[in-house]
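J.: Here it is: the structure, laid out below.
The values are calculated or read from the model by the stated rules, or taken from the named source; none is laboratory data. Source: prediction; values computed, not measured. Every residue, glycine as well, gets a Cβ built from its backbone with ideal geometry; the counts of neighbours run over all protein chains shown. Remember, those area values only see protein heavy atoms, side chains included, never the ligands or the DNA or RNA. Shrake-Rupley method; radii C 1.70, N 1.55, O 1.52, S 1.80 Å.
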Amino acid sequence: YVAAVYEHESILSPNPTALVDRRSALELMGRNLDVYEQQVVAAARQGAQIIVFPEDGIHGFNFTRSSIYPYLDFVVHSHSVKWNPCREPYLFNDTEVLQRLSCMALKNKIFLVANLGTKQPCEHTDPHCPSDGRYQFNTNVAFNDDGMLVATYRKHNLYFEYAFDTPPEPDYKLFDTPFAGKFGMFTCFDILFFEPAVNLVRQYNLKQVVYPTAWMNQLPLLSAVEFQQAFATAFNVNILAANIHHPTLGMTGSGIYTPVKSFIYHNMEGYGGKLIVAEIPVITTDYKTSLEKTPDRVSEKGNEQLSPTFYAEMMYDNFTFVPVWGEKGELQVCANTLCCYLTYQRAVLTNELYALGVFDGLHTVHGTYYVQACALVKCGGLSFSTCGQEVTDATALIDFQLWGNMSTSYIFPLLLTSGITLDYADHMGWKNNHYFMSKNRTSSGLLTAALYGRWYEKD
């Protein structure tokens, strides 16, 4: 099928905490919706059957609970109500944004997924009801090619979004398409948690996911395109991921991903939006990860004791590292219960320092979640203290096998190359209670090769 995602440079309110009336809010959102409309037309011309827009793309961000209120549409959050906002605009008040999105889908005969703020009145008899008598949700909506509202999803894992409420229960939301079967949806920070993202994909055996996001890149392990690809690979799904484009805030990185191929956009230099259209296969069977090249255990009397262990902060966590010196070698580094192993060979020795790092613990900055990571990273400079810094360019071509005795079965394989481009491992999978990935010769200089394990039970 042909899919489209649009990385949108949203037109933002100059003062998001100021209180404005509904008319002013609609005027600002209308300017973003005008851009959406042009992109829907462009995508449909290229044969796209579905288009996905980013999180916060219509209203922006940094609101307070009261300042966002005029920007919120009313949406009925239930399966029982069948509603086509374009054809039945007068059914509910405060649905102008939904109406426009619905009409775009209808006019262009395309499935459309977008993210907006929504409100829902609640009774004080509801124990979860906020004191102002209403819920405010960060919501994804999906329309079919007739403009019918076919699914709404309320973001569960909010990322410092004080304007919004967490829904009382996680939403598992799917919609059906004639061209690719069922799609699931979740939003941004959700991708790092079991509920609802992982549970949704597993429970419904989903093969297609739509993913609006407003993601601030954090290298070396959590750049948007890097983790989007890892999720598609780990769960054997197609992901249509749309990010917003605000390079000054570190926000860029969208793509259409299959487990073995990706069409991405990552641009920290330029301004303006970007439409990606790609034809991808409907996944019907599982890709088998081939295990014919399995790593040998690192020999006890290898050269690993020659490498000094050092500590450096990476992703706000205290990683234990060993330097990756020389043109080839075998290394091991451990922390808590996790040991990481690397065998490597460099094509040419370059003047770049690499290190093998391990972290097994609770990550506590910008969210709390338990990580088990084995990571081969390029350091920012030649001193140990630069390991873990954000690096975007590299020249070293390295053949490697990386493996670890992970305690969780949820491993996201990260493979990022120079210029924030993506590569795919030759082989990966489980072997003797170790998860491994191997690669002969990356397509360009290696930035990060990592096994990023999420131990959800220990969150």
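J.: Determine the per residue accessible area of the chain with all protein chains present and a 1.4 angstrom probe, expressed in square angstrom.
T.: Per residue, the chain has an accessible area of 39 Å².
J.: Cross-link candidates for K328: which aspartates and glutamates have Cα within less than 15 Å, leaving aside residues fewer than 8 places away along the same chain?
T.: E304, E352, D399
J.: Right, next: In terms of Cα to Cα distance under 24 Å, which lysines are near enough to K82, apart from those fewer than 8 places away along the same chain?
T.: Counting by Cα, and skipping residues close in sequence, K82 has these lysines nearby: K107, K109, K119, K155, K173, K182.
J.: Right, here's the next one. So if I take the alpha carbon set of segment 310-458, get Rg, then get Rh from the Kirkwood formula, what is the Rg over Rh ratio?
T.: Result: Rg/Rh = 0.93.
J.: Roughly how many debye, to the nearest 20, is the charge dipole of segment 310-458 about its Cα centre, given +1 on each Lys and Arg Cβ, -1 on each Asp and Glu Cβ, and no other charges?
T.: 240 debye
J.: Right, another one. Show me the chymotrypsin sites (Phe, Trp or Tyr not before Pro) within segment 1-95 that DSSP assigns to loop and that have at most 14 other Cβ atoms within 10 Å of their Cβ.
T.: The qualifying sites are Y90.
J.: So, with +1 on the Cβ of K and R and -1 on the Cβ of D and E, and no other charges, what is the size of the charge dipole of the chain about its Cα centre, to the nearest 20 debye?
T.: Around 760 debye, computed over the chain.
J.: To continue, here is another question. Might you work out the accessible area of Y316 for me, using a 1.4 Å probe with all protein chains in place, and round it to the nearest 10 Å²?
T.: 110 Å²
J.: Here is a further query. Among the helices of the chain (complete DSSP H runs), which have Cα atoms covering no less than 30 Å along the helix axis and a Kyte-Doolittle mean of at least -1.0?
T.: 22-45
J.: Which lysines, on any chain, are close to K261 with Cα under 18 Å apart, when same-chain ones fewer than 8 places away are left out?
T.: Within reach: K207, K288, K439.
J.: For Q208, which sequence-distant residues (separation of 5 or more, or a different chain) have an amide H within less than 5 Å of its own amide H, given hydrogens modelled in the peptide plane?
T.: G184, N238
J.: Separate question: Under 5 Å between amide hydrogens, which residues at least 5 positions from R134 or on another chain qualify, with H placed 1.01 Å from N in the peptide plane?
T.: HN-HN under 5 Å from R134: C122.
J.: Might you list the cysteines of the chain that have no disulfide-compatible partner by the rule of another cysteine's Cβ under 4.7 Å?
T.: C188
J.: Which one of C387, P212, M268 is farthest out on the positive end of the charge dipole of the chain, using unit charges on Cβ (Lys, Arg +1; Asp, Glu -1) and the Cα centre as origin?
T.: Of the candidates, P212 comes out farthest on the positive side.
J.: Considering only protein heavy atoms and a 1.4 Å probe, what is the carbon-and-sulfur percentage of the accessible area of the chain?
T.: 51 percent
J.: Sticking with this structure for a sec: Considering only the chain, what is the antiparallel percent among its DSSP beta bridges, to the nearest 5?
T.: 85 percent
J.: Give me the distance between the Cα centres of segment 124-198 and segment 10-46, rounded to whole Å.
T.: With segment 124-198 and segment 10-46 each reduced to a Cα centre, they are spaced 21 Å.
J.: When every alpha-carbon pair in segment 85-188 is counted, what percent end up more than 15 Å apart?
T.: 66 percent
J.: Okay, next question. Using only the Cα atoms of the chain, construct the convex hull and provide its projected area averaged over every direction, in square nanometres to one decimal.
T.: 21.8 nm²
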